[in-house]
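**Q** My structure is below; once you've seen it, I'll send some questions.
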Amino acid sequence: MRPRLIDIICVLILLALYSGTAHAREATILAFSFQLPDSWTLVANGPDKLFATAATQANRPPYVLAEACVPSPKSQCLEEGFRRPFGEDEQGIKAARSLGCYGINGIPIKRKDAVTQTHWICSTVVGPDNSEVTAGFSFFQIRGAVLRVSYLAGANDQDVRSFLDELGRSLKAQ
């Protein structure tokens, strides 16, 4: 009888560990792939755009909008308006700050895998229904290819900085 009790306890522990583990699914947009929570709903809008959400109500956070561009003879991405949400110059940084977006001050960081990454985290705003919403943006660039990711979080969602950091760590560029 005792071995069965031990077996049951082990199974319960494993189930508890398994249910607490966050599973992820890979999302791919053109030359980029990254992980999003498995419980999220993913909607692709062509090969270069993706919308994902964990919201149970329409137009509510959390959600991600990702857009990518890979250079070709017809498109050079950066030269054709596929730019960072805010410029890298002093004027762009001032524009970001005027909207309450700070993060890493809009300064690009070169990663070991040759991807250049920039984050902007914006101040929390309170909506008309007293809900708190925080937005953040990540911009990834490698060999002219660009991925822009926007994340919107409510008060009970994963905070913007940690979400974008996790997404950045999972990012792979082909």
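**Q** Between THR116 and GLN174, what is 0.36 nm times their sequence separation minus the Cα-Cα distance? Round to one decimal in nm.
**A** 19.5 nm
**Q** Sort the following peptides by mean Cβ neighbour count (other Cβ atoms within 10 Å, averaged over residues), highest first: 41-50, 57-66, 113-122. Don't skip to the end; give the middle numbers.
**A** Working: 41-50: 13.1, 57-66: 16.2, 113-122: 18.3.
Top to bottom by mean Cβ count within 10 Å: 113-122, 57-66, 41-50.
**Q** What length, rounded to one decimal in nm, is gained on full extension from LYS49 through to THR124, with 0.36 nm per residue of separation minus their alpha-carbon distance?
**A** 24.4 nm
Where a number appears in this text, it was derived from the coordinates with a stated rule and is not lab data. All values reported here derive from a predicted model rather than from experimental measurement. No Cβ is skipped: glycine too gets one built from the backbone with ideal geometry, and neighbour counts run over all protein chains shown.
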